[in-house]
Amino acid sequence: MALLHRIQWIDERIRASRFPNINQIVEQFEISRRQALRDIEYLRDSLGAPLDYCAKSKGYYYTDRSFAVPSQFMTDNQKELLSALASHYEALSLNDRCQPFASDTFGKLAALLTRLSGQSAVELHKNDILRDGVVPFHAILQMESARLPRRAVPVPASLQPFYRGKNEQQYDIFEFYDSYEFIPALLASGLSCKVIHPKWLKHKLLQHLEQMREINLG
């Protein structure tokens, strides 16, 4: 973690236009000059930082301000959400050729989000873009009912607009554009369920339930 802490410090100094240099890194962390040089090499060569040295300011800076330190500082939920967003923008870039500027912008956003997440973007196709040029999210749920614990559970009316069938493992697949629309429908179904995928939706559902609990206990 010491290396990551130093990398984060260097990154923050660069973003603040403080032009950190080797001597400052040595002094800040009480490490050898050789180790400080290795940190700079790691940031540049392993993390892909567009580093350059400014002789006038006597320190390092980014030649491309859009660079961001990758996924070591992110939770699994954050990585998965960024990967999903990368998939959205990648699909939009491939299917918006009539507007080259927009297509190029979407492509750059997809590349940036993919790099930040440290994961490959899920492959999406034009047929996945169904509403206002926005790619829907897909949820995989294991639905259960106290009355039908071992049988197929009918899809409740509140979830039918989102239902897209079953996968090979016989889990239910749902499609939605807005989690704030899907989660209330899920709760209104009256069924117990386990969110298999994505993890960020599970996290958001638990947050929603915890907020409801706090409101009702207050």
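Given a Förster distance of 22 Å, report the FRET efficiency between ARG34 and TYR62 from their Cβ-Cβ distance, rounded to the nearest 0.05. Intermediate values should be presented prior to the final figure.
Values: r = 24 Å, r/R0 = 1.07.
That pair, ARG34 with TYR62, gives E of 0.40.
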- Task: Take the Cα coordinates of region 158-209, assign each an equal point scatterer, and use the Debye formula without solvent to give log10 I(q)/I(0) at q = 0.15, 0.23, 0.28 Å⁻¹.
- Result: -0.39, -0.97, -1.43
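Can you give the extra length, in nm with one decimal, that the chain gains between LEU206 and LEU187 once fully stretched, where that is 0.36 nm per residue apart less the Cα-Cα distance? Walk me through the numbers on the way to the answer.
Working: separation 19, 0.36 × 19 = 6.84 nm, distance 1.14 nm.
Separation in residues times 0.36 nm, less the Cα-Cα distance, equals 5.7 nm.
Laboratory data are not the source of any read-out in this text; all were calculated from the coordinates shown. Source: prediction; values computed, not measured. When we count neighbours, we look across all protein chains shown, and the Cβ atoms used for this are built from the backbone with ideal geometry, even at glycine.
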